[in-house]
Amino acid sequence: MRAFLPSDSCKETQLNAINPQSWLQVERGKISKLSSSCTTTSSSIESFIKVPEPPIVPFFKPVDYVEVLAQIHEELESCSLQERSNLYLLQFQIFRGLGETKLMRRSLRSAWQKAGTVHERLVFGAWLKYEKQGEELIVDLLATCNKCAQEFGPMDVASQFPVEVDGASQETVVTDGEKSLKNVNFWIGDEKIVCRRQKIASLSAPFHAMLNGYFNESLCEDIDLSENNISPLGLRTISVFSVTGCLSDVPPDLLLEILVFANKFCCERLKDACDRKLASSVCTKDDAVELMEYAIEENSPVLAASCLQVFLHELPDCLNDERVVEIFSHADRQQRLIMAGQASFSLYCLLSEVAMNLDPRSDKTVCFLEQLIESAETDRQRLLAFHQLGCVRLLRKEYDEAESLFERAVCLGHVYSIAGLARLGYIKGHKLWSYEKLSSVISSVNPLGWMYQERSLYCEGDKRWEDLEKATELDPTLTYPYMYRAASLMMKQNVQAALGEINRVLGFKLALECLELRFCLYLANEDYKAALCDVQVILTLSPDYRMFEGRVAASQLRTLVREHVDNWTTADCWMQLYDRWSSVDDIGSLSVIYQMLESGEAKGVLYFRQSLLLLRLNCPDAAMRSLELACQHASSEHERLVYEGWILYDTGHCEEGLRKAEESIRTKRSFEAFFLKAYALADSSMDFACSSTVISLLENALKCPSDNLRKGQALNNLGSVYVDCGKLYLAADCYINALKIRHTRAHQGLARVHFLRNDKAAAYEEMTKLIEKAKNNASAYEKRSEYCDRDLTKADLEMVTQLDPLRVYPYRYRAAVLMDSSKEKEAIAELSRAIAFKADLHLLHLRAAFHEHVGDVLAALRDCRAALSIDPNHQEMLELHSRVNSHEP
């Protein structure tokens, strides 16, 4: 869910929100007085700082996600084609609860690829398109490379439905020995339509019975059809169809008339032809709205699917049309079957998600989630639907309804819904009950971080602090515990400790809410320069971000704070950028670039640098936005081609990215074009001939004009290629030259050269220099651990886990050491503590191998299956799975 608003349910006295009106005093030069008064007492600090309670999120969060992933993988191995998409959808929901965006998209793509019906292909294709909103530029760029990217574009719906073939033709029955008449004259008012009797009779059983059976009409040459809502033109068209089997050049209004008639007289072949013909005429949303009503009333699945495709193609905008919302909101079971076939649950999952992203409190969100519950066919589907609607009811303060929904989800096995019940209990004044409810959960299962985080809301003092420490220990990705501790320390006037606490999480997770809190801490401490830095980073990540519970635009706060910070010249900005880039201060570098963009000079270059930093900080969506802005502000064609090449490369289109680089080089030889081509080529091939080409390209890049920031990177990359080719002297030369222009990361490359020369001590010393210079140095500690003895390695890797608990190598190393010491349980526990909050293939692979080693075949098989849910094509994992599977009892 992109923007699920936090619940405002807790009534406990918290750190109060800032009053936005007080900021208006800044414009009158009163900020110094305001801030100085706010640093005097803890109560005045409250006016600057608030830590909102963590929301109850509308996600599927099983207690043991590994077990559920393994179950899904096992079911996928043996299920029918019709069940596959729903299983991949469930897999998607688990990855969403884990925050694994790439894995979520992969599951959606699998659901689309394995779809067994046209409705599933429509729903999952539209979902993938929705997830890729804003990536239209990529499609356009691929088109310039003669590559079609319309994977999820409109399809010919009619061609996806099997053609209904009639069985044996109706047998002709001659009555009373009379010879049957060759023609029949149908009258509509005063108009006579001459039809071939047996051709009309072949259209349906009712017509056959009427014209050849024991009815009076079988002996009549003239039959009146005036009371059957068919026009003369319509009947003539039916007569032609009865002979030719085709409906050619028939306008939609007439097709609708014929469709109703065909349905009335059970003319399945005629109805199917109308259905398909009408389906091809649905072009706009208005067409779809009008024709969906007929499709549902006349049970026309092809037409309904065509209308559905138009609605889904226009998500999310079509949900602003009340006519469309009405169609989806009030469909009964039969109508859902006509609209979406067996994909009703998937359809309403998608519609609910889109509606929640637009406004989780809206009536249409509720309606779609109610439909989701009605569409659910399995317990896992029901618990998800109950929980999601419970979260929405909680937001809407419909507490009794929310409680009932959470209870139903819990009964179906969704333990996380107990957090919703606890929150509701607290609202109703049952704080102790809420605490005991969470305590019961913690004691009955392997506890997770969210359980302690939630319980902390229902206790005070040391107990709360202990629960939040435990929450961080079990799941260091939860931001609330860091924020609460930082705010509490600030209340005690312990500024450095407060900043240290919030910096812990910002060191590995660039969360907007944490940047906002740190901004407030700096402001309360009158450190306007640091506050300005953070608000500029916030605006880089989210230009429309609003702070203090959405009441104040971040851009407004930046304007006010900036009045109290000295202005930098362009030269000052470049010096500041150079200093921060050299000290591996990515957040500081982002802030400087934001400020430089205001000058209006070389915006393309600056947006490109911004994208590099955002990628390094694991913000791919913001990085792509910056790259697109770089394209828009490129000062020349060859510069634009380079940025287009990076967009294509970063989205997995390496070959097309190379083409853009080559086109740029043909236009003008430039550093960035050569660098892009070398980077993409090195990533796509590792053979010796390719290495020679990459070396040549990087040498050409270094001959072109550029600044030292980029030249240092090129020298570093060139050194890496030389190392891979065994040319250590040339590699060392590159790294030393890079260090001369303050490319600090070159210490790591030079350390590798020392190590390959069997000088482990020099390698350790080189990495120590990097650690001392770099502000973000978790990776440096990890690399240094390779160049020292076991005790120092252990210390370095412990430091890595403190700085960035998401890095998995330290857990794997510690587990391997424990396994070597025959401490199997401790080794497995070390891996398990990381797996609990991070779905990682390598962690699961190693734990599966450990389980196999100790003879726990079922646990090994479970981990293999879960790992293959993360990467179904991982060769070593497939081999281990095959081996373990052969030993399954």
*If you go through region 105-151 one residue at a time, how many are open to solvent by 40 Å² or more (accessible area, probe 1.4 Å), in contact with a helix residue (DSSP H, G or I) (Cβ under 7 Å, 6 or more places away or on another chain) and over 19 Å from residue 656 (Cβ atoms)?*
5
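For the structure I just gave you, tell me whether residue 266 is of a type in the set (A, V, I, L, M, F, W, C), under 24 Å from residue 315 (Cβ atoms) and open to solvent by 30 Å² or more (accessible area, probe 1.4 Å).
no
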*Residues that are among the polar types (S, T, N, Q), in the same structural domain as residue 280 (by the TED database) and open to solvent by less than 40 Å² (accessible area, probe 1.4 Å): find the helices (runs of 4 or more DSSP H) completely inside region 183-254 holding 3 or more of those.*
232-244
*Considering (1) closer than 30 Å to residue 477 by Cβ; (2) surrounded by fewer than 22 Cβ atoms within 10 Å (Cβ to Cβ), say which one residue 78 fails and leave the rest.*
(1)
*In region 60-75, what residues are open to solvent by 40 Å² or more (accessible area, probe 1.4 Å) and either assigned to a helix (DSSP H, G or I) or over 19 Å from residue 387 (Cβ atoms) (or both)?*
67, 71, 74, 75
*Near pairs, Cβ below 7 angstrom, 6+ apart or cross-chain, from region 702-731 (in the same structural domain as residue 682 (by the TED database) and over 14 Å from residue 753 (Cα atoms)) to any residue that is surrounded by fewer than 18 Cβ atoms within 10 Å (Cβ to Cβ) and of a type in the set (Val, Ile, Thr)*: 708/741; 711/741; 712/741
*Return the residue satisfying two criteria in turn: it lies in region 664-706 and is of a type in the set (Ser, Thr, Tyr), at pLDDT 95 or above and surrounded by 19 or more Cβ atoms within 10 Å (Cβ to Cβ), and of such residues it is nearest to the chain's Cα centre (by Cα).*
664
*Any residue in region 330-358 that's within 13 Å of residue 127 (Cβ to Cβ): show its pairings with residues that are β-branched (Val, Ile, Thr) and open to solvent by 10 Å² or more (accessible area, probe 1.4 Å) at Cβ separation under 7 Å, as long as the two are six or more apart or on different chains.*
343/117
*Scan region 750-787 residue by residue and report those that are more than 14 Å from residue 803 (Cβ to Cβ), open to solvent by 30 Å² or more (accessible area, probe 1.4 Å) and among the charged types (D, E, K, R).*
752, 757, 759, 760, 765, 769, 772, 773, 786
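For region 262-351, please list each of the helices (runs of 4 or more DSSP H) lying entirely inside it that holds at least 1 residues being among the charged types (D, E, K, R), in the same structural domain as residue 87 (by the TED database) and more than 20 Å from residue 153 (Cβ to Cβ).
Where helices (runs of 4 or more DSSP H) fall fully within region 262-351, none carries at least 1 residues being among the charged types (D, E, K, R), in the same structural domain as residue 87 (by the TED database) and more than 20 Å from residue 153 (Cβ to Cβ).
Considering region 310-341 alone, what residues qualify as being open to solvent by 30 Å² or more (accessible area, probe 1.4 Å) and under 17 Å from residue 129 (Cα atoms)?
Answer for region 310-341, where residues must be open to solvent by 30 Å² or more (accessible area, probe 1.4 Å) and under 17 Å from residue 129 (Cα atoms): 313, 314, 317.
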_If residue 392 meets every condition in (1) under 21 Å from residue 477 (Cα atoms); (2) buried (at least 24 other Cβ atoms within 10 Å of the Cβ); (3) under 24 Å from the mean Cα position of the chain (by Cα) apart from one, which number is that one?_
(1)
*How many residues are of a type outside the set (A, V, I, L, M, F, W, C) and in a loop (DSSP other than H, G, I, E, B) when one looks only at region 384-418?*
6
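For residues in region 581-604 being open to solvent by 30 Å² or more (accessible area, probe 1.4 Å) and without any contact (Cβ under 8 Å) to a residue 24 or more places away in the chain, which is nearest to residue 507 (Cα to Cα)?
Here the answer is 598.
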*Among (1) open to solvent by 20 Å² or more (accessible area, probe 1.4 Å); (2) assigned to a loop (DSSP other than H, G, I, E, B); (3) touching a helix residue (DSSP H, G or I) at 6+ places or on another chain (Cβ under 9 Å), which single condition is residue 550 missing?*
(3)
_I need a count of the residues in region 634-645 that are farther than 18 Å from residue 711 by Cα and either of a type in the set (A, V, I, L, M) or open to solvent by 10 Å² or more (accessible area, probe 1.4 Å) (or both)._
8
_Sole exception among (1) modelled with pLDDT of 95 or more; (2) on the phi > 0 side of the Ramachandran plot for residue 618, by number_ = (1)
*Output the number of residues of region 431-481 satisfying the condition of being among the basic types (Lys, Arg) and out of contact with any helix residue (DSSP H, G or I) (no Cβ under 6 Å at 6 or more places or on another chain).*
2
_Whichever residue in region 419-461 is charged (D, E, K, R) and part of a loop (DSSP other than H, G, I, E, B) and, among such residues, is nearest to residue 61 (Cα to Cα)_ = 428
*If the Cβ limit is 8 Å and pairs must be 6+ apart or interchain, which residue in region 662-673 that is over 14 Å from residue 644 (Cβ atoms) pairs with which residue that is of a type in the set (Gly, Ala, Ser) and open to solvent by 70 Å² or more (accessible area, probe 1.4 Å)?*
none
*Residue check, residue 487 in contact (Cβ under 8 Å) with a residue 12 or more places away in the chain and of a type in the set (A, V, I, L, M)*: yes
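On the given criteria, is residue 571 part of a helix (DSSP H, G or I) and open to solvent by 30 Å² or more (accessible area, probe 1.4 Å)?
Yes: the conditions hold for residue 571.
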*Please work out which one of (1) among the aliphatic types (A, V, I, L, M); (2) over 32 Å from the mean Cα position of the chain (by Cα); (3) modelled with pLDDT of 95 or more is the condition residue 535 fails and give its number.*
(2)
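Looking at 424, 372, 384 in this structure, which one is open to solvent by less than 30 Å² (accessible area, probe 1.4 Å) and farther than 24 Å from residue 69 by Cα?
Going through 424, 372, 384 in turn, just one is open to solvent by less than 30 Å² (accessible area, probe 1.4 Å) and farther than 24 Å from residue 69 by Cα: 424.
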*asked:* Cβ-Cβ under 9 Å, sequence separation 6+ or interchain: first residue in region 378-394 and within 12 Å of residue 62 (Cβ to Cβ), partner assigned to a helix (DSSP H, G or I) and among the small types (Gly, Ala, Ser). Which pairs?
replied: 383/409; 383/417; 384/409; 387/409; 387/417; 387/420
_Is it the case, given these coordinates, that residue 301 is under 17 Å from residue 328 (Cα atoms) and open to solvent by 30 Å² or more (accessible area, probe 1.4 Å)?_
yes
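The values are calculated or read from the model by the stated rules, or taken from the named source; none is laboratory data. Keep in mind that this is a model prediction, so the values were computed, not measured. Glycine also receives a Cβ, built like all others from the backbone with ideal geometry; neighbour counts cover every protein chain displayed. Quick note on the areas: whole protein, heavy atoms, side chains included, nothing else; ligands and nucleic acids left out. Shrake-Rupley method; radii C 1.70, N 1.55, O 1.52, S 1.80 Å.
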